[in-house]
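Since every read-out is calculated from the coordinates, none of them should be taken as a lab result. Remember, it's a predicted structure, so these values are computed and weren't measured experimentally. Every residue, glycine as well, gets a Cβ built from its backbone with ideal geometry; the counts of neighbours run over all protein chains shown.
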Amino acid sequence: MTDIDFEAMLQRYRGIHPLGSAGDRSIAATLKTSIVDTTDHNVRPNRLSVEEIDDYLAYSGWNLWDLLARRSTEGESGLIPQQEYETVAFVQQWLKFPHLYDRITEAAGGAEGLVELARSHASQPADKLNNTRAWVNICTLMGRGLLTSLGLQQPHDRLHELNTAIQFQRRIQHGVYGPGRGFISGRNYKPRVLDQKWIDRFFDERQPVADDEHRQFCRKFNASTEVFGFLLMFDTRSATNTSGPYELPNGDVMLVRDHFLLEPLYPWMDDAAGGLPYCVTQAMIFDGSAPEFNINDIGTTFTAEHADYWNALTHFSVYRKDRWDSSELIPLDLEQQRDISRRSQQGVGKLYRRIASMSRRDRIMAGVLVYTREMMAPFARPVGLWNSFVDQEQFDELDPLTAQAYFPLTNGQAQDLLPPAFVMGEAFIPIEHSATW
């Protein structure tokens with residue numbers, strides 16, 4: 001691989017476009033169409049033009065770069081071969097998901113039904129069809145780029161599937177955010193997606209932070225449940241999502257954060273999650289001393305210069321949801337919060353020992369299971385298709401092309417493919433001219 005100055009590439013995308021809202025405006029100005037913005041009208045057609053598809057891919061490349069450059073911590077666990085399973089999962093998604101997207105759209109009642117499905121779920125806390133899931137089809141698009149980089153397909157192959165994947169994502173984005181930019185990077189990093197009734201409830205039921213010791217516990221609770229979910233999902237952020245900041249009548253702001261802890265989709269959960277709920281939701285209120293909150297497209301909170309915001313915490317309320325399909329959010333008192341924090345810490349140890357006992361291939365395939373199921377089940381479950389996807393569509397079986405890509409992606413090539421794919425946008429290869437579309 002040609003030597004690349006990745007530090008320089010983290011300053012400006014392809015040496016041109018900056019981070020943040022300025023970068024959003026810069027990359028959008030290069031597009032020939034308005035495809036990255038959604039309207040009630042433009043999410044209905046089933047067929048996009050080549051220019052629209054290429055514009056969407058171009059913006060997606062910048063968006064991924066912006067997300068990773070702000071984090072700059074896309075590390076790899078010594079326990080879990082993350083880059084390897086991610087690349088395999090991306091390819092698998094590209095080869096399997098578009099057909100399933102069509103089935104979900106049909107089951108939801110067409111384009112408008114899919115938009116409403118996304119709106120109704122993302123507007124509620126403790127639901128995995130959230131603002132993060134409005135973004136995850138980017139991984140499917142990356143799978144296309146990786147397969148092309150391996151020489152296993154051409155950029156103009158599977159145009160129907162590419163069209164389907166993009167329009168599915170745009171409909172989800174429209175349902176989650178409403179008209180306008182489909183990415184939170186184009187909405188000033190403020191995903192205020194919950195219905196106002198939830199913000200009103202959380203404000204009415206707010207629990208004050210009594211003192212510094214209590215504040216430290218709130219921070220510990222957040223950390224212990226986040227770390228457990230992170231390991232449960234094999235070093236991914238699929239188990240956490242934050243929305244907001246929501247402005248309150250008294251001038252304070254609220255963040256609402258979900259940590260998903262009990263997911264029956266994964267066999268290694270076993271007793272590690274014993275006694276934990278499906279999800280805990282934290283309603284956190286901060287006073288005027290808090291730094292400006294920004295939240296990226298995968299629901300991660302960041303502040304300017306990584307400023308610590310916990311000292312500005314004034315209220316911290318926690319709720320539990322026991323099943324993915326439950327509509328009940330149950331408040332937890334302080335002792336119940338302590339119990340969940342303790343069980344989460346214990347669960348990390350149990351998970352670590354179980355994962356450490358797996359072979360390298362088993363760890364890779366477990367990661368693939370997470371990265372495919374987490375990005376499909378939240379859409380398929382609500383329309384009653386998940387079980388048929390697993391049983392009839394053989395959801396977890398590797399596509400023959402994924403199997404062909406497995407070895408080069410897990411023998412070291414992933415380390416060469418991912419940096420340019422992530423940082424330089426090489427995963428989002430344009431179609432350009434094609435006589436077949």
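Please label the shape of the range 59-190 as rounded, prolate or oblate, based on the square roots a ≥ b ≥ c of the eigenvalues of the alpha-carbon gyration tensor (a/c under 1.5 means rounded; beyond that, a/b larger than b/c means prolate, else oblate). Note, shape of the range 59-190 comes out oblate. Our note on the geometry: Cα centres of the range 5-44 and the range 154-214, 18 Å apart.
Sorted ascending by nearby beta carbons within 10 Å, beginning with the fewest, C279, C218 become C218, C279. Cβ crowding within 10 Å, taken as a proxy for footprinting-reagent exposure, orders H156, H17, H99, H306 from fewest neighbours to most as H306, H99, H156, H17.
Classify the range 191-232 as rounded, prolate or oblate, taking a ≥ b ≥ c as the square roots of the eigenvalues of its Cα gyration tensor: rounded when a/c is under 1.5, otherwise prolate if a/b is larger than b/c and oblate if not. Oblate. Candidate values (i) 23.7, 89; (ii) 21.0, 68; (iii) 20.1, 63 were compared with Rg and Dmax of the Cα atoms in Å computed on the shown model; the agreeing label is (ii).
Could you tell me which trypsin sites (Lys or Arg not before Pro) in the range 28-71 are loop residues by DSSP with no more than 15 other beta carbons within 10 angstrom of their beta carbon? For trypsin sites (Lys or Arg not before Pro) across the range 28-71 that sit outside H, G, I, E and B with at most 15 neighbouring Cβ atoms in 10 Å, the list reads K32, R47.
Summing charges over neighbours of P430, with a neighbour being any other residue whose Cβ is under 14 Å away from its Cβ, gives -4 when K and R count +1 and D and E count -1.
Dividing the helix sum by the residues of the chain, where each DSSP H run of 4 or more adds -39500 (n - 2.57), gives a mean residue ellipticity at 222 nm of -15000 deg cm²/dmol.
From the Cα gyration tensor of the range 354-437, with a ≥ b ≥ c the square roots of its eigenvalues, which class applies: rounded if a/c is under 1.5, or else prolate if a/b is larger than b/c, or else oblate? Because a/c hits 1.5 or more and a/b fails to exceed b/c, the range 354-437 counts as oblate.
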